Amino acid sequence: MVIRNARFVPHHRSASAAALLAAAALVLTGCTVPTAEGDDGKTGEKFQVREPSGPALVLDSTDPAELALTASQAFFHASPVAVIASADDAGARATAAATGVAVTAPVLLTDGGVSDTNVVAELERLGAGTVVVIGDEQAAAAVGPAAGESEVVRFDPGALNAAAEAAASAGKGADADADEDADGEGKGGGKRATKVELPTAERLPATELNNLRADIPDVTDPELLQETMVVVDPEPGQEAAIGTALAAGAIPVEVPGGDVAAGAGTVETIRALNPLGVVGIGEKFGRAEELAWQVSVVTSGVTLPGGAVQLFPGRYVSTSYTVPAGVADPAADALRATEAAATNGTTLGGSPLVLVTASVRSGAAGEDGDYVDEQPLEVLTPAVETIRKAGQVVLLDVAPGDQPLAAQIDDLEPLLAKPGVGLSVHPEFRLAGNGAAAGTVPVAELQEVVDRLAALATAKGLPQIMLEVHQSTAASVVDRAKLRIPSQVAVVFTAAGPAAGQATADGVWADVAGGLPAHAVLGWSAPSEVPADATSILPTEPLLGLVSAS
């Protein structure tokens, strides 16, 4: 997958530039860029930033010093200057990050999970002949061994301005909270540190910053990154890594919670930037391929019915009328189903959804030996297209035989490759064979389905795909809690009714709703006859994402 079309306007920023580039930068289409580099005006030493490889990269270390080191390696080939501070000092971290942005230099930290030897090795790789050490003489002496043979220039701006003080206070607050007990103000409580601000040169005293610039090599008109976006949800300990990214020219976009597709404002900003590459700083952004998928979908403009790129939070409601197999006119049958789903959606308070029967159980093995009769694509396609044109989500309902649950995905892939089309499976109907006992599937078998759908979403640039798993007992998926759910797939575990058209029993709801995998959503079977006041029959906790009246 490639994140493409437009690139950012080329950055030509002198080392003395004060302002942080705006996140809503203009974009140009189709231009190419030379290697981003420059020369130190005093010594001729090289400066060169690095385009991170691939469409996405996530720097997810929770150790500030290690995170800073990996950021330096990701964003810089060479730099005559580097900035160093102690990882244990929140104020120094904030000052170092702002200094790195101001002088266009990578920021490194000591006293963390990285040894002084590692820091020296990184300075040698960068060719950093000058190191700006943040702090007073005592702090500089402590950091000194990490500078190696580089010339040390101490920078202690003293009284910080209001913005820098706020950042330092935020970091100190978080460091202190980590040591408090669970009395509501620490690890177990709701009190959190003030938001960490993005580093900018304006947070440093102008006079002292100008004095610093006079004492260090000046990179003449460096050409910085032109097509890379860095997504952040700034936390204490990430200041240095973020400072390095911004110093290299990456355009910052703040993403609360690390969910790129969740906020309309974030989506709008990323679509305007249309980056060719993205780097996430912090473990909130998950795996690189998931981040690449999110940005790809956001920039493509492909959406689910209703305009979203994610299915949840929210609620979907299916109809008691499922498009059956073998009807003479699948499109007309599907149209009746959409009307019924819309009515149920109004009554039960959710977006309408229609199930289409893609396969049914068979008493005979059949030609392929799987005890399943599959419906041909030429029958399914008109029904699916009718539902999609009505602006409703489609679930292809598949019956398991003696083959793994993922066995039918290949045949259904042309339909699953359409936005808003998902899959519904029934582990309890699984026949014995191929590593599964009758009526159960190992979690690895369900994981294969999830992974196949995630890969399809990534390859095709699709919005989130729904996977519904019907269960009357949680034990029908062995080791269910171990299921790993990537952001490309929304997995809904629907507590089944005892028979068609009947509501989920309390005991079944309690069983299926307990011990869910992380990021899973719950579904509940509604009766065919829904009362006028549907709130009287709907469970309220945990969060209900799907009401299945089919």
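Listed values, structure above:
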quantity	calculated
From the options Thr269, Thr244, Thr207, residue that is assigned to a helix (DSSP H, G or I), open to solvent by 30 Å² or more (accessible area, probe 1.4 Å) and touching a strand residue (DSSP E or B) at 6+ places or on another chain (Cβ under 6 Å)	Thr269
Per-region count, the stretch 344-372, residues under 38 Å from the mean Cα position of the chain (by Cα) and either without any contact (Cβ under 8 Å) to a residue 24 or more places away in the chain or more than 28 Å from Thr540 (Cβ to Cβ) (or both)	9
Output for the stretch 395-409, where each listed residue is outside any helix (DSSP H, G or I) and of a type in the set (Gly, Ala, Ser)	Ala399, Gly401
Residues (under 30 Å from Gly461 (Cβ atoms), among the polar types (S, T, N, Q) and in contact with a Pro (Cβ under 8 Å, 6 or more places away or on another chain)) located in the stretch 487-543	none
Only one of Ala121, Ala102, Ala142 that is under 17 Å from Ala65 (Cα atoms), touching a residue at least 12 places away in the same chain (Cβ under 8 Å) and either not in a helix (DSSP H, G or I) or not charged (D, E, K, R) (or both)	Ala142
Condition met for Glu448 (touching a residue at least 60 places away in the same chain (Cβ under 8 Å) and among the acidic types (Asp, Glu))	no
Residues that are open to solvent by less than 10 Å² (accessible area, probe 1.4 Å), within 11 Å of the chain's Cα centre (by Cα) and either of a type in the set (Val, Ile, Thr) or on the phi > 0 side of the Ramachandran plot (or both), drawn from the stretch 282-304	Gly282, Val295
Index of the failed condition, Gln408 passing every other in (1) crowded, with 17+ Cβ neighbours inside 10 Å; (2) modelled with pLDDT of 95 or more	(2)
Matching entry among Ala534, Ala520, Ala513 (being open to solvent by less than 10 Å² (accessible area, probe 1.4 Å) and under 23 Å from Leu311 (Cα atoms))	Ala534
Residue satisfying condition, being buried (at least 22 other Cβ atoms within 10 Å of the Cβ) and either touching a residue at least 24 places away in the same chain (Cβ under 8 Å) or in a loop (DSSP other than H, G, I, E, B) (or both), within set Ala481, Ala490, Ala499	Ala490
Hey, Thr319 closer than 26 Å to Gly497 by Cα, in contact (Cβ under 8 Å) with a residue 24 or more places away in the chain and surrounded by 21 or more Cβ atoms within 10 Å (Cβ to Cβ) or not	yes
Conditions (1) in contact with a helix residue (DSSP H, G or I) (Cβ under 6 Å, 6 or more places away or on another chain); (2) open to solvent by less than 30 Å² (accessible area, probe 1.4 Å); (3) modelled with pLDDT under 95: number failed by Ala68	(3)
Strands (runs of 3 or more DSSP E) completely within the stretch 323-394 that count 3 or more residues being open to solvent by less than 50 Å² (accessible area, probe 1.4 Å)	351-357
Number of the exception - Thr440 against (1) closer than 27 Å to Ala334 by Cα; (2) surrounded by fewer than 23 Cβ atoms within 10 Å (Cβ to Cβ)	(1)
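The values are calculated or read from the model by the stated rules, or taken from the named source; none is laboratory data. Bear in mind that the values here come from a model prediction, so they are computed numbers and not experimental data. Glycine also receives a Cβ, built like all others from the backbone with ideal geometry; neighbour counts cover every protein chain displayed. Only protein heavy atoms, including side chains, enter the accessible area calculation; ligands, DNA and RNA are left aside. Shrake-Rupley method; radii C 1.70, N 1.55, O 1.52, S 1.80 Å.
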